[in-house]
1. Report, by residue number, each residue of the range 40-55 that is surrounded by fewer than 20 Cβ atoms within 10 Å (Cβ to Cβ), in a helix (DSSP H, G or I) and among the charged types (D, E, K, R).
2. Give me a count of the residues in the range 12-50 that are closer than 14 Å to residue 114 by Cα, more than 14 Å from the chain's Cα centre (by Cα) and of a type in the set (Lys, Arg).
3. Among the listed residues 37, 8, 71, identify the single one that is more than 23 Å from residue 122 (Cα to Cα), touching a strand residue (DSSP E or B) at 6+ places or on another chain (Cβ under 9 Å), in contact (Cβ under 8 Å) with a residue 40 or more places away in the chain and surrounded by 15 or more Cβ atoms within 10 Å (Cβ to Cβ).
4. Going through the range 105-132 one residue at a time, which ones are of a type in the set (A, V, I, L, M) and touching a helix residue (DSSP H, G or I) at 6+ places or on another chain (Cβ under 7 Å)?
5. For a quick check of your reading of the model, give me the residue pairs whose first member lies in the range 89-109 and is over 20 Å from residue 48 (Cα atoms) and among the hydroxyl-bearing types (Ser, Thr, Tyr), whose second is at pLDDT 95 or above and outside any helix (DSSP H, G or I), with beta-carbon atoms closer than 6 Å and at least 6 apart or on different chains.
6. Search the range 112-132 for residues that are at pLDDT 95 or above and small (Gly, Ala, Ser) and pair each with any residue that is part of a loop (DSSP other than H, G, I, E, B) and crowded, with 20+ Cβ neighbours inside 10 Å when their beta-carbon atoms are under 7 Å apart and the residues are at least 6 apart or on different chains.
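The values are calculated or read from the model by the stated rules, or taken from the named source; none is laboratory data. Note that this is a predicted model, so its numbers are computed, not measured. Cβ: placed from backbone, ideal geometry, glycine included. Neighbour counts: every protein chain shown.
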Amino acid sequence: MILLDTNAWLWWTIRPEGMPARARSLADAAAGDGALAVSVVSVWEIAVKTALRKLQLGMAAREWVARASRAPGLRILPVDSDIALASTELPPPFHRDPADRLIVALARRLRAPLLTSDRKILEYPHVESRWE
């Protein structure tokens, strides 16, 4: 399984040619195997950023998510109380962004690589992350 960070989901859905070739290949292969996932936290992040007008999708967030989540091989995974708690117990050093913390905690629980362009996550030694 491969977990997409919010930014990677946006790239993969809207402009996959803008992704590094290796990251795109990993996402495409995982989708082909039915093993590509996104956290429900990414749905929330997209909705919040769209509502605040920090993200322009050309449609309502609800519509975009409905379309993007129908991609073959993609699953949206929930966050349960264990993930919520684990996000507060990540080994240091990690930054405070709650969405990133929840997504990283999910990747760690799944023991799945996290595709992300976020430098802070890529430099975090306690989760397997890839982009280049």
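1. Restricting attention to the range 40-55, the residues satisfying the condition of being surrounded by fewer than 20 Cβ atoms within 10 Å (Cβ to Cβ) are 40, 43-44, 47-55.
Remaining after also requiring in a helix (DSSP H, G or I): 40, 43-44, 47-51.
Within the range 40-55, just 49 meets the criteria.
2. 1
3. Values: 37 fails: more than 23 Å from residue 122 (Cα to Cα); 8 fails: more than 23 Å from residue 122 (Cα to Cα).
Matching residue, one of 37, 8, 71: 71.
4. Kept after step one, since they are of a type in the set (A, V, I, L, M), are these residues of the range 105-132: 105-107, 110, 112, 114-115, 121-122, 127.
Within the range 105-132, 105, 106, 114, 115, 121, 127 qualify.
5. Going by the 6 Å Cβ cut-off, there are no qualifying pairs.
6. Sorted first by the residue in the range 112-132, then by its partner, the pairs are 117/131; 129/116.
For (1) more than 22 Å from residue 122 (Cα to Cα); (2) of a type outside the set (Lys, Arg); (3) at pLDDT 95 or above; (4) surrounded by 17 or more Cβ atoms within 10 Å (Cβ to Cβ), each residue gets a yes or a no:
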| site | (1), (2), (3), (4) |
| --- | --- |
| 30 | no, yes, yes, yes |
| 33 | yes, yes, yes, no |
| 62 | yes, no, yes, no |
| 67 | yes, no, yes, no |
| 87 | no, yes, yes, yes |
| 93 | no, yes, no, no |
| 98 | no, yes, yes, no |
| 109 | no, no, yes, no |
